[in-house]
Amino acid sequence: MELDTQLNASDRSTRETISKNFQTIQSEDVKDDGAFTKYQKETNDRLDKLDAEKATHDDVEGLRGEMYQIRDSWHDRASHIARGTDIETTKAVVEQILQEKGLM
């Protein structure tokens, strides 16, 4: 933005120069307002999106509970396999080993 700085209080064109400078300042101000409004809208949109995607404490605790249940289930299953009490899985594993060795 360039303003005319050649002002002379006794010059008749001073009022006109000041008026042009003021119009230039107003024009730049409108541009700045538009840019700020656009930036503000984009920022609010990003924040709204983040807010919609965030997990609450309850969500995290629920997932943690599910993970513990899955872990416990796998632990129980592995314990049954190791002890030989999960007959179906043990049978499937033995059959797979025998097929790999070509004995079945």
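Can you work out the Karplus-derived ³J(HN,Hα) for every residue in the stretch 39-46? Use 6.51 cos²θ - 1.76 cosθ + 1.60 with θ = phi - 60°, whole Hz, and x for glycine or proline.
For the stretch 39-46, the Karplus-derived couplings read 4, 5, 5, 4, 5, 5, 4, 4 Hz, x marking Gly and Pro.
Given bins 5 angstrom wide, list per bin the percent of all Cα-Cα distances in the chain, short to long.
With 5 Å bins starting at 0, P(r) equals 2, 9, 7, 7, 6, 6, 6, 5, 5, 5, 5, 4, 4, 4, 4, 4, 4, 3, 3, 3, 2, 1, 0.
Explain nothing, just the number: dipole magnitude of the chain about its Cα centre with +1 on each Lys and Arg Cβ and -1 on each Asp and Glu Cβ, in debye rounded to the nearest 20.
260 debye
With the full set of protein chains in place, find how many percent of the accessible area of the stretch 11-104 is carbon and sulfur; take the probe as 1.4 Å.
55 percent
Fully extended, how many nm does the chain gain between Arg71 and Ala55 (0.36 nm per residue separation, minus their Cα-Cα distance)?
Here the segment from Arg71 to Ala55 would lengthen by 3.6 nm.
List the aspartates and glutamates whose Cα sits under 18 Å from the Cα of Lys38, skipping any in the same chain fewer than 8 residues away.
Glu28, Asp29, Asp48
Put +1 on the Cβ of each Lys and Arg and -1 on the Cβ of each Asp and Glu in the chain; which of Ser79, Gln99, Ile18 then has its Cα farthest toward the positive end of the dipole?
Gln99
For the chain, what does the accessible surface come to per residue with a 1.4 Å probe? Please give it in Å².
Using a 1.4 Å probe on heavy atoms only, each residue of the chain averages 92 Å².
For Asp86, which sequence-distant residues (separation of 5 or more, or a different chain) have an amide H within less than 5 Å of its own amide H, given hydrogens modelled in the peptide plane?
Ile81
The values are calculated or read from the model by the stated rules, or taken from the named source; none is laboratory data. Values in this document were obtained by computation on a predicted structure and should not be read as measured data. Every residue, glycine as well, gets a Cβ built from its backbone with ideal geometry; the counts of neighbours run over all protein chains shown. Surface accessibility is based on the protein's heavy atoms, side chains included, excluding ligands, DNA and RNA. Shrake-Rupley method; radii C 1.70, N 1.55, O 1.52, S 1.80 Å.
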